[in-house]
């Protein structure tokens with residue numbers, strides 16, 4: 001899913017969330033919305049690392065091309081295709097945000113909610129496009145990525 005879709009769906013989700021829990025206020029709403037999109041900064045950093053290019057526009061184009069190439073593979077082959085490593089996409093960052101929220105400030109809980117919602121949308125998309133679900137753990141992905 002691309003940033004525009006994450007933003008629009010995140011906007012609806014954040015609005016529903018603040019409606020259900022008005023005590024979080026505008027700051028909570030904004031943190032949930034922003035984090036539901038900005039979690040993808042790890043995609044951009046991956047691009048910068050791979051291509052040695054800081055252009056956000058080029059990064060977006062690169063991922064569009066990679067996504068089209070991926071979709072050309074048969075569904076059964078997509079699960080076997082080498083995965084990209086995104087360090088914010090897994091259960092471990094969620095655990096870290098929970099701990100930070102517990103010890104420091106509730107704002108981290110709002111970021112956790114945004115990240116979790118984003119990951120939920122990613123899981124739905126992964127299930128749509130491939131036969132297996134692999135995206136649950138950053139640590140697992142790290143070892144799998146190193147192996148490939």
Residue satisfying all of: in region 72-112; modelled with pLDDT under 85 and assigned to a helix (DSSP H, G or I); nearest to residue 31 (Cα to Cα) among these
78
Identity of the residue in region 3-22, closer than 17 Å to residue 111 by Cβ and without any contact (Cβ under 8 Å) to a residue 24 or more places away in the chain, that ends up surrounded by the fewest Cβ atoms within 10 Å (Cβ to Cβ)
21
Verdict on residue 33 being surrounded by fewer than 17 Cβ atoms within 10 Å (Cβ to Cβ), under 26 Å from residue 127 (Cβ atoms) and touching a residue at least 40 places away in the same chain (Cβ under 8 Å)
no
Residue 105: passes all of (1) closer than 30 Å to residue 17 by Cα; (2) surrounded by 12 or more Cβ atoms within 10 Å (Cβ to Cβ) but (2)
Among the residues of region 65-76, is there at least one that is loosely packed, with under 12 Cβ neighbours inside 10 Å, more than 18 Å from residue 125 (Cβ to Cβ) and over 19 Å from the mean Cα position of the chain (by Cα)?
no
Contact list please: Cβ distance under 6 Å, first residue in region 53-70 and touching a residue at least 12 places away in the same chain (Cβ under 8 Å), second residue assigned to a helix (DSSP H, G or I), pairs at least six apart or on different chains.
59/44; 59/47; 62/47
Restricting attention to region 115-141, report how many residues are modelled with pLDDT of 95 or more and more than 18 Å from residue 45 (Cβ to Cβ).
2
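The values are calculated or read from the model by the stated rules, or taken from the named source; none is laboratory data. Here the structure is a predicted model, which is why all the values come from computation and not from measurement. Cβ coordinates were reconstructed from backbone atoms using ideal geometry, including for glycine residues, and neighbour counts include every protein chain displayed.
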